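In what follows, a structure is listed as structure tokens, so that the remarks can point back to it.
The values are calculated or read from the model by the stated rules, or taken from the named source; none is laboratory data. All values reported here derive from a predicted model rather than from experimental measurement. In this analysis, Cβ positions are derived from the backbone assuming ideal geometry, glycine residues included, and neighbour counts consider all displayed protein chains. Only protein heavy atoms, including side chains, enter the accessible area calculation; ligands, DNA and RNA are left aside. Shrake-Rupley method; radii C 1.70, N 1.55, O 1.52, S 1.80 Å.
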Amino acid sequence: MINAMGLLKQRRFLPLFTTQFLGAFNDNLFKTSMVLFATYAVFNDPGKEANFNALATGIAILPFFLLSALAGQLADSHDKARIIRIVKTAEIGIMAIGAGGLMLAKAGHTQTGIGLMLFAVLLLGTHSTFFGPIKYAILPQHLPAGDVLGGTGLVEAGTYIAVLLGTVVAGWISIDGAAAMVLCLSALGWLVGRQVPPAPRVGPPLVINYNPFTSSWRLITATLHIPRLFLAICAISFFWTIGAVLIIIFPPLVKNVLTADERVASAAIAIFSVGVAIGSVVINTMLKGRISARYSPASVVAMGVFVVLFSLAVRHWSAAPAGHYYSLSEFVAQPGAIPVMLVLLAIAVTGGMFVVPLYAFLTTTVEKDQTARTVAANNVVNAGAMTLGSIAVLGITAMGVTPQDMLFLVAGMCLVSAWLAQKLHRACD
């Protein structure tokens, strides 16, 4: 990991890392500001809050499902650094729309403001769709083979630290401040993105298929016949299905079960982000740079155990008086607060340990001229899995299942992820 940290001093890695960091920070600052505003200022019903979060999650995922194949083809057939510059230019316009939605919602034009914010979420999903394959696929092109796992771990750790900061800031900053900050950060990301070194096409010219359905199908079938990739993508997709469920149920759980305000929700999500970053660093250290799924099954089983413990912990929570939400200081003063936060941290650490080596499989299994399409195929399958997870949450919520009970479903899904990771370990290690 010491060697991997040294990559931050090199131009072949630092501008990409910083661009990804700023983008993740900005994306989560905006989305968390929107979700917290809707949860605490617009809706007053747990079911509606979960439905809104599911809708926002589904809208963000849709471009990954439709456009990932095109994004992968473009990344493998053009200079990846040039695509980064185009994408970061688009981000400035997207955040202008999102900032406008935040300001309109604050001014009392709730429906128009939320409509603009959801449109911005759709565009941000498109932005991430085209940037996503590049942030992993460019690493084998810029880094020696021995540094790819370390670079992947740093990108993952940096991403979740950025998520942490964006989430924390969203819980404390005003709507006006959030609108101004997302615009400034998008401009800064544009400047940094221009410093990424060229990464021109390698391999023969590629004929691009612009049909989203046929290109997605061909991309997946061309990738999943490789057992190592098939198992890695299945395991990652199942993991992000779990992530989709947690993303949707978490804000309503903090509000209605832990009876805490938006700053506590932001702090709890921040703890989760720190945990994933820690897990990314820990697993890279344990594997000593070797790409292996050796620890993935045990990691995700441990994650499931901690999810069960988290569900049991929130059931014994002392709710705030009716009509009152705990502030951050009041929340921390509660007897069960520290155990709840520690278990949440443990869930995140084990999750990071599970997923990081699997992403490294994607970029090192195929030739360098196919890496972006491989990551794109993974994104298509991930998006489909997360969409199914979002739909499942809507259906389960409609049946009256509480968020704390839904956590048992998450724990069961962890066991399936462990089974897939074990098959990958046996087949490839």
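I'm checking my understanding of the structure. Among residues of region 291-347 that are part of a loop (DSSP other than H, G, I, E, B) and either without any contact (Cβ under 8 Å) to a residue 40 or more places away in the chain or within 15 Å of F272 (Cα to Cα) (or both), which one is least open to solvent (accessible area, probe 1.4 Å)? First the steps, then the outcome.
In the first step, residues of region 291-347 are kept if they are part of a loop (DSSP other than H, G, I, E, B); the result is 291-295, 316-325, 327, 334-336.
So of that shortlist, the ones also either without any contact (Cβ under 8 Å) to a residue 40 or more places away in the chain or within 15 Å of F272 (Cα to Cα) (or both) come out as 316, 318, 321-323, 334-336.
Working: H316: 150, S318: 72, P321: 89, A322: 108, G323: 89, Q334: 43, P335: 119, G336: 27 Å².
Looking at residues that are part of a loop (DSSP other than H, G, I, E, B) and either without any contact (Cβ under 8 Å) to a residue 40 or more places away in the chain or within 15 Å of F272 (Cα to Cα) (or both), I get G336.
So which residues in region 160-174 are surrounded by 19 or more Cβ atoms within 10 Å (Cβ to Cβ) and out of contact with any Gly (no Cβ under 9 Å at 6 or more places or on another chain), if there are any at all? Break it down into steps so the answer makes sense when it comes.
Initial filter on region 160-174 (surrounded by 19 or more Cβ atoms within 10 Å (Cβ to Cβ)): 160-164, 166-171.
Correct list: I161, V163, L164, G166, T167, V168, A170, G171.
Looking for whichever is in a helix (DSSP H, G or I) and open to solvent by 10 Å² or more (accessible area, probe 1.4 Å) here; the options are V264, V274. Which one fits? Walk me through it before giving the result.
Working: V264 fails: open to solvent by 10 Å² or more (accessible area, probe 1.4 Å).
That would be V274, the only listed residue that is in a helix (DSSP H, G or I) and open to solvent by 10 Å² or more (accessible area, probe 1.4 Å).
Considering every residue within region 275-296, establish whether at least one is under 23 Å from N53 (Cα atoms) and not acidic (D, E). Don't jump to the end; show me each part of the working.
Initially, region 275-296 is screened for residues under 23 Å from N53 (Cα atoms), giving 275-276.
Imposing the further condition that a residue be not acidic (D, E) reduces the set to 275-276.
Looking for residues that are under 23 Å from N53 (Cα atoms) and not acidic (D, E), one finds at least one in region 275-296, hence yes.
Which pairs have Cβ atoms under 6 Å, sit 6 or more apart or on different chains, and link a residue in region 4-17 that is under 18 Å from A199 (Cβ atoms) to one that is outside any helix (DSSP H, G or I)?
From region 4-17, the pairs are L7/F13; R12/P197; P15/Q195; P15/V196; L16/V196.
Where in region 1-101 are the helices (runs of 4 or more DSSP H), entirely inside, with at least 1 residues that are buried (at least 24 other Cβ atoms within 10 Å of the Cβ)?
14-37, 46-77
Being closer than 17 Å to T19 by Cα, open to solvent by 10 Å² or more (accessible area, probe 1.4 Å), among the β-branched types (V, I, T) and out of contact with any strand residue (DSSP E or B) (no Cβ under 9 Å at 6 or more places or on another chain): is that true of I138 here? Show your work before the answer.
Working: closer than 17 Å to T19 by Cα: yes; open to solvent by 10 Å² or more (accessible area, probe 1.4 Å): no; among the β-branched types (V, I, T): yes; out of contact with any strand residue (DSSP E or B) (no Cβ under 9 Å at 6 or more places or on another chain): yes.
Judged against the criteria, I138 is not a match.
Looking at this structure, is T285 among the polar types (S, T, N, Q), open to solvent by 30 Å² or more (accessible area, probe 1.4 Å), in a helix (DSSP H, G or I) and without any contact (Cβ under 8 Å) to a residue 12 or more places away in the chain? Step through it out loud before you land on a result.
Values: among the polar types (S, T, N, Q): yes; open to solvent by 30 Å² or more (accessible area, probe 1.4 Å): yes; in a helix (DSSP H, G or I): yes; without any contact (Cβ under 8 Å) to a residue 12 or more places away in the chain: no.
When the stated conditions are applied, T285 does not pass them.
I'd like the full set of residues that are in a loop (DSSP other than H, G, I, E, B) and buried (at least 19 other Cβ atoms within 10 Å of the Cβ), limited to region 177-209. Walk me through it before giving the result.
Quick first cut of region 177-209, residues in a loop (DSSP other than H, G, I, E, B) only: 194-209.
V196, A199 - these are the residues of region 177-209 that are in a loop (DSSP other than H, G, I, E, B) and buried (at least 19 other Cβ atoms within 10 Å of the Cβ).
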